[in-house]
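Heads up: the structure comes next, in structure tokens.
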Amino acid sequence: LSDLANKDECYFDECYNIPRSRIGSFEGIKMSKKSYHVVPYSDRWAVRQEGSTRISSVFSTKREAIDAARSHAGDLIIHGPTGQIFQKITVSGELSPDLIRKAVRTVSGKRSMTGRSLKKGVATKKSPHKAKSSVN
Amino acid sequence: MPKSPDDFKINVFINCPFDTEYKPLFEAIVFTVQIAGFRPRCAREASNAGQVRIDKILEIISECKYGIHDISRTEPLPPRFNMPLELGLDLGCKRFGTARQRSKRLLVLDRTPNRYVKFISDIRGQDIEPHNGRPKQIVRRVRDWLSVESRSATIPGGSYIYDKYRSFRRGLPDLCDELNYNVDELTFPDFCNTIRVWLEENTV
């Protein structure tokens, strides 16, 4: 019976494998506004709560550390490899349309750049001399 | 039942499995509903944590003119009864609700035609549309149904919507990367917002 109850509890959350703590922050259970830092830690990456000297958790990749830190509502401060602050994000529960719009424009910008360079690549094959001069 | 909001006419309740296997179909439904100019609603949207789940579902059902119900998930045994239960609730709302709720329109989807007769024969007589587990077919079924039921002449064709959906889905990992998100971490409201903004930016 307890197994069945657990399955039912997870029914609506199966699709995206969202951490329970993150769902909690959406539904108003977790409303604390703490800052979490994603910092380099030896050869790995760690999550540390602001004001605390202790590391909360350690991950092999930066991506995993960011994903873990996102599960906490509040500010997310991402550091670079040398420890400098790289990016600050407010995890409010929902992505703002402005943030999404900026990302959509950045990605389509990158795509069109890649498209242009690919076209260049095609031209390069036909005229290697021209391509050399354009690279230089 | 709670009072319907003003956007009753554009709300579409989506009742389907939320597992990984069904995810491409679920995403295709949400995309189609949004590109057609409607608002997808489902039990996964943000709400009050103190609310009992069935109350939340009843509230959403009461606020939606349209309902899409997929009853294809009958394995593994015992099957999940949530989808038929919610279809029943929606049918009940349509039958016993307010005048506005009695104008509800429901689409029932299954994998293959007539399969439902074996396990839920009481809904015989309703239009059950097969999708064969394919996103392209589900896009077409949902699009055609919305177009007919809403009498809208502005909804794009099924092939166009499917091409747009594929283009969106292909770019989604890069988009999530830019947002410092994992694709699997996107919640339902985030996913809907992303589709909406992507469509605004990518519609000629």
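Any read-out appearing in this document is the output of simple, stated calculations on the displayed coordinates, not a laboratory observation. Since the model is a prediction, treat every value here as computed from it, not as a measurement. Cβ atoms come from the backbone with ideal geometry, glycine included; neighbour counts cover every protein chain shown.
Along its first, second and third principal axes, ordered by size, region B:50-165 spans 39, 37, 33 Å in Cα coordinates. Averaged over the residues of B:166-179, the number of partner chain Cβ atoms lying within 10 Å of the residue Cβ comes to 3. The alpha carbon centroids of region B:6-29 and region B:90-116 are separated by 15 Å. On the beta carbon distance between B:TYR160 and B:GLU45, with R0 = 25 Å, the FRET formula returns roughly 0.40.
For peptide B:78-87, what's the mean number of Cβ atoms from other chains within 10 Å of each residue's Cβ?
On the way: counts 1, 0, 3, 0, 3, 0, 0, 0, 0, 0.
Mean shielding count: 1.
Counting each pair of different Cα atoms once, what's the Kirkwood radius of chain B in Å, rounded to one decimal? Could the numbers behind the result be given before it?
On the way: mean 1/r = 0.0569 Å⁻¹.
Hydrodynamic radius (Kirkwood, Cα pairs) of chain B is 17.6 Å.
For region B:73-125, the Kirkwood estimate of hydrodynamic radius, built from reciprocal distances between every pair of different alpha carbons, is 12.4 Å. In this simple spin-label model, placing a label point 7 Å from the Cα along the Cα-to-Cβ direction at both A:THR53 and B:ASP144 gives a separation of 6.9 nm. Do any of B:LYS9/B:LYS104; B:LYS65/B:LYS94; B:LYS56/B:LYS94; A:LYS34/B:LYS56; A:LYS62/A:LYS102 go past 19 Å between their Cα atoms, and which? Pairs exceeding the cut-off: A:LYS34/B:LYS56; A:LYS62/A:LYS102.
Counting only residues at least eight positions apart within a chain, or on another chain, the aspartates and glutamates with an alpha carbon under 17 Å from that of B:LYS164 are B:GLU27, B:ASP144, B:ASP174, B:GLU200, B:GLU201.
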